[in-house]
Amino acid sequence: MELLDAINLRHSTRAYLTDAPSKEIFEGLMAAAARAPCAFNRQPWRFTVIVNRDLLDAISVGAKSYMTRARPLDLPESLYQKLSDPAFHVFYRAPALIVISAAAQGPWIEADGALAAANLMLAAQAQGLGSCWIGLSQPFLATPAGRALAQLPENETPVAPVIVGWPAQTGTPTPRQPVVARWII
Ligand SMILES: Cc1cc2nc3c(=O)[nH]c(=O)nc-3n(C[C@H](O)[C@H](O)[C@H](O)COP(=O)(O)O)c2cc1C
């Protein structure tokens with residue numbers, strides 16, 4: 001798939017087939033992620049690939065509980081109601097979660113991780129895979145309980161949790177507003 005097609009067709013996928021992609025596919029996605037630009041070429045990203053169904057369920061339960069209890073983000077009330085719904089799975093029962101974390105401190109680790117995540121999601125799209133950044137899991141993954149479940153070392157900051165898998169149905173790109181640009185000539 002051409003790069004611009006991948007960019008234009010990518011969309012967040014929220015329904016997945018059960019089977020996880022192969023190890024080789026994950027390795028390719030992470031290699032693409034690691035091609036992202038990053039501040040000082042420090043390459044702070046680390047990848048944790050979780051394909052254990054019980055663990056994904058446990059992180060979803062933990063994230064929902066933490067989000068509703070601690071309310072670490074200023075979210076609309078409707079989202080808190082969704083998080084309280086026992087049927088809601090923050091990972092949409094995707095077969096895999098790739099947590100991109102930063103093994104460094106500094107002003108640009110969030111940007112570095114986000115750029116890596118964008119590469120990863122575009123590489124996924126190029127192979128017919130679906131993906132979605134799950135920000136709702138991020139605050140929990142940074143807690144001791146979340147870190148323990150995801151086996152994140154103490155020196156790493158979770159930056160971008162991205163689910164990946166084969167989409168359950170063909171999706172379409174999410175509409176965008178017209179580009180707002182200011183030209184100075
Ligand atoms: C930082 C960030 C956090 C996000 N968190 C969630 C999330 O927790 N759950 C979810 O379903 N989608 C999440 N998304 C996906 C966005 O909702 C989605 O990218 C946006 O609606 C645009 O749709 P598109 O990705 O299909 O183009 C997140 C995206 C980003 C970039």
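When L122 is tested against (1) assigned to a helix (DSSP H, G or I); (2) within 27 Å of L4 (Cα to Cα); (3) within 10 Å of the chain's Cα centre (by Cα), just one condition goes unmet, and that condition is (3). For first residues located in region 128-146 and modelled with pLDDT of 95 or more and among the polar types (S, T, N, Q), partners that are surrounded by fewer than 18 Cβ atoms within 10 Å (Cβ to Cβ) and outside any loop (DSSP other than H, G, I, E, B) and lie 6+ apart or on another chain with Cβ distances below 9 Å form the pairs S131/S12; T143/A70.
Restricting region 130-152 to residues that are of a type in the set (A, V, I, L, M) and within 16 Å of the ligand (Cβ to nearest atom), the residue that is nearest to A94 (Cα to Cα) is I134. For region 86-96, the count of residues that are assigned to a strand (DSSP E or B) and within 19 Å of the chain's Cα centre (by Cα) is nonzero.
When region 130-145 is filtered for residues that are surrounded by 15 or more Cβ atoms within 10 Å (Cβ to Cβ) and under 15 Å from the mean Cα position of the chain (by Cα), the ones remaining, listed by number, are G130, S131, C132, W133, I134, L136, S137, Q138, P139, F140, L141, A142.
So, in region 139-161, of the ones that are out of contact with any strand residue (DSSP E or B) (no Cβ under 6 Å at 6 or more places or on another chain) and assigned to a helix (DSSP H, G or I), which residue ends up nearest to R46 (Cα to Cα)? Among those that are out of contact with any strand residue (DSSP E or B) (no Cβ under 6 Å at 6 or more places or on another chain) and assigned to a helix (DSSP H, G or I), it is R147. Filtered by the rule that a residue be within 12 Å of the ligand (Cβ to nearest atom) and polar (S, T, N, Q), region 101-129 gives a lone residue, Q125.
Give me the residue from region 9-61 that is surrounded by 15 or more Cβ atoms within 10 Å (Cβ to Cβ), closer than 27 Å to A104 by Cα and among the aromatic types (F, W, Y) and, out of that set, nearest to the ligand (Cβ to nearest atom). That would be W45. Screening region 162-185 for residues that are part of a loop (DSSP other than H, G, I, E, B) and among the β-branched types (V, I, T) and picking the one that is nearest to the ligand (Cβ to nearest atom) gives T174. For N155, the conditions (1) within 12 Å of the ligand (Cβ to nearest atom); (2) surrounded by fewer than 19 Cβ atoms within 10 Å (Cβ to Cβ) are fulfilled apart from (1).
Within region 14-21, does at least one residue satisfy the condition of being assigned to a strand (DSSP E or B), closer than 20 Å to Q125 by Cβ, touching a Pro at 6+ places or on another chain (Cβ under 9 Å) and in contact (Cβ under 8 Å) with a residue 60 or more places away in the chain? Yes - at least one qualifying residue is present in region 14-21.
The values are calculated or read from the model by the stated rules, or taken from the named source; none is laboratory data. A quick note: this is a predicted structure, and the numbers were derived from the prediction, not measured. Because the Cβ atoms are built from the backbone with ideal geometry, glycine has one as well, and the counts that use them run over all protein chains shown.
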